[in-house]
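Okay, so here's the structure we're looking at.
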Ligand SMILES: Cc1cc2nc3c(=O)[nH]c(=O)nc-3n(C[C@H](O)[C@H](O)[C@H](O)COP(=O)(O)OP(=O)(O)OC[C@H]3O[C@@H](n4cnc5c(N)ncnc54)[C@H](O)[C@@H]3O)c2cc1C
């Protein structure tokens, strides 16, 4: 698997030692999350909109209503930038300015192409459902022809991407540690809570393991 090539737009300039173009690392970060922030420009106005994505091989799929401004703008070939952030911890330093956060984040520059054809759209919808909850597709009603028509799916080739990762403790000088403040890391990790049954659902169906023990990456 070849690394991404840094470009003028994706070259990490500030703290470059934290930057990476390692494709495996970038894909691991993308696969742990499934929500990104998409930034795009409409009529000279910048917008950032959160949305779900799935990674399938060397591309991302985005999906949404055919009426969505986000989807219509991206489908028209408008260049955009998306980012994904995993917050791993709060770094408590002995100094006010030394505090930091541990994180893994990815920035992707791209252009999207609409996925055309019922079979291709259906396959992408399956990818979406399975990416978020593995094993889910087999248990739910698949999209109808009408639902597929009303859903736009965009494919984003992963060509230009970077990661930035911060790990570890504060980087203050040793003499700063003589003070009274507790120092260290408050680790953060999002985990699923026990599932809540929809009262309209069939009460005799117990949550299967993919729901009961939900975790990421799947
Ligand atoms: C975690 C998450 C996952 C989502 N996944 C999807 C998805 O997979 N597909 C999908 O189509 N949509 C998704 N959405 C909803 C998405 O953010 C947009 O609201 C939706 O796509 C409509 O986009 P639009 O450009 O048509 O919005 P418009 O209604 O045209 O946006 C107009 C304005 O409304 C405000 N606005 C729109 N969306 C938001 C928002 N989410 N939060 C705050 N203000 C907002 C902004 O000010 C924006 O400029 C998701 C939202 C979240 C938070």
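The values are calculated or read from the model by the stated rules, or taken from the named source; none is laboratory data. Worth saying up front: this structure is predicted, and the values here are computed from it rather than measured. Glycine gets a Cβ as well: all are built from the backbone with ideal geometry, and neighbour counts include every protein chain shown.
Considering the range 21-59, and only residues there that are free of Cβ contacts under 8 Å to residues at least 24 places away in the same chain, more than 9 Å from the chain's Cα centre (by Cα) and near the ligand (Cβ under 9 Å from one of its atoms), the residue that is farthest from residue 76 (Cα to Cα) turns out to be 50. Residues considered: 62, 87, 70. Of these, the only one that is within 21 Å of residue 167 (Cβ to Cβ), modelled with pLDDT of 95 or more, surrounded by 12 or more Cβ atoms within 10 Å (Cβ to Cβ) and within 16 Å of the ligand (Cβ to nearest atom) is 87.
Does any residue of the range 17-29 turn out to be exposed (fewer than 14 other Cβ atoms within 10 Å of the Cβ) and at pLDDT below 95? Yes, because at least one residue in the range 17-29 is exposed (fewer than 14 other Cβ atoms within 10 Å of the Cβ) and at pLDDT below 95.
Somewhere in the range 149-159, is a residue out of contact with any strand residue (DSSP E or B) (no Cβ under 9 Å at 6 or more places or on another chain) and not in a strand (DSSP E or B)? Within the range 149-159, one or more residues are out of contact with any strand residue (DSSP E or B) (no Cβ under 9 Å at 6 or more places or on another chain) and not in a strand (DSSP E or B). So which of 106, 48, 101 is part of a strand (DSSP E or B) and surrounded by 19 or more Cβ atoms within 10 Å (Cβ to Cβ)? Result of the check over 106, 48, 101: 106. Taken over the range 107-130, the criterion of being within 16 Å of the ligand (Cβ to nearest atom) and either in contact with a helix residue (DSSP H, G or I) (Cβ under 8 Å, 6 or more places away or on another chain) or free of Cβ contacts under 8 Å to residues at least 24 places away in the same chain (or both) is satisfied by 112, 114, 115, 121, 125, 126, 129, 130.
The numbered conditions (1) within 16 Å of the ligand (Cβ to nearest atom); (2) in contact (Cβ under 8 Å) with a residue 24 or more places away in the chain; (3) over 17 Å from residue 153 (Cβ atoms); (4) touching a strand residue (DSSP E or B) at 6+ places or on another chain (Cβ under 9 Å) are all true for residue 11 except (1). The condition (being out of contact with any strand residue (DSSP E or B) (no Cβ under 9 Å at 6 or more places or on another chain) and either outside any strand (DSSP E or B) or within 12 Å of the ligand (Cβ to nearest atom) (or both)) is satisfied by just one residue among 78, 95: 95.
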